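Some notes on the structure that comes next.
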Amino acid sequence: MRFGKPESRLSTSKSRRTQCRSGPEYPSGTPAQVQTVLPRPIKEPKVFYGVRLGHVPGVYTSWKEAKPHTVGIWSDYKRFKSRKEAEEYIAQPLTLGQPPLSNPDIVLYTDGSASLDPASAGWGVFISRTQASSASLWGAVITDCTDSDWIGESRSTNDTGMISAFYHALQ
């Protein structure tokens with residue numbers, strides 16, 4: 001036969017069955033003679049995620065743990081190399097509408113919208129400066145691929161309005 005004699009396979013499986021029935025072997029002797037096996041020390045995680053604004057704010061040791069607390073809502077989270085940094089981050093108060101920087105020079109507000117009839121979309125940007133006057137920009141979404149402000153979309157939608165607003169705000 002190609003794989004050997006059938007008896008050899010049979011004897012191997014029989015010996016395995018015998019081992020399974022007999023169970024594990026336990027060390028003999030008094031408890032003082034038996035060596036105690038200590039559990040491995042738990043390693044400190046290398047990465048921490050501080051979720052400051054989410055379903056359940058806190059410090060998490062993996063993105064797999066932190067992600068469910070940030071999905072589907074406005075959230076504020078950040079990755080850190082130490083637990084202490086993550087705890088300091090989540091201890092900082094933050095509310096919606098409050099800039100994440102303590103003293104920003106410029107705050108940008110952007111928006112976009114679309115109309116079904118006629119199929120058109122627009123965008124708007126409001127720039128708030130602390131030391132100078134504020135400014136507003138607005139315009140229509142460009143769907144002509146030959147225009148220099150074209151963002152890569154051939155249809156006017158609400159999303160293209162939002163993306164156009166970001167594009168013009170960052171120029």
> Residues of segment 138-171 being within 10 Å of Asp111 (Cα to Cα) and either open to solvent by less than 40 Å² (accessible area, probe 1.4 Å) or out of contact with any strand residue (DSSP E or B) (no Cβ under 8 Å at 6 or more places or on another chain) (or both), which ones?
Replying inline: Gly161, Ser164, Ala165
>> From the list Ala121, Ala86, exactly one residue is open to solvent by less than 50 Å² (accessible area, probe 1.4 Å) and at pLDDT 90 or above. Which is it?
In response: Ala86
> Would you say Ser102 is within 30 Å of Arg52 (Cβ to Cβ) and either at pLDDT below 80 or among the polar types (S, T, N, Q) (or both)?
Replying inline: yes
>> Give all pairs with beta carbons closer than 8 Å in which a residue from segment 85-99 that is under 17 Å from Gly50 (Cβ atoms) meets a residue that is assigned to a loop (DSSP other than H, G, I, E, B) and modelled with pLDDT under 65; count only pairs at least 6 apart in sequence or on separate chains.
In response: Leu94/Pro100
>> Restricting to segment 42-82, name every residue that is of a type in the set (Lys, Arg) and open to solvent by less than 90 Å² (accessible area, probe 1.4 Å).
In response: Arg52
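The values are calculated or read from the model by the stated rules, or taken from the named source; none is laboratory data. As the structure is a prediction and not an experimental result, all values here were calculated from the model. Cβ: placed from backbone, ideal geometry, glycine included. Neighbour counts: every protein chain shown. Heavy atoms of the whole protein, side chains included, go into the accessibility calculation; ligands, DNA and RNA do not. Shrake-Rupley method; radii C 1.70, N 1.55, O 1.52, S 1.80 Å.
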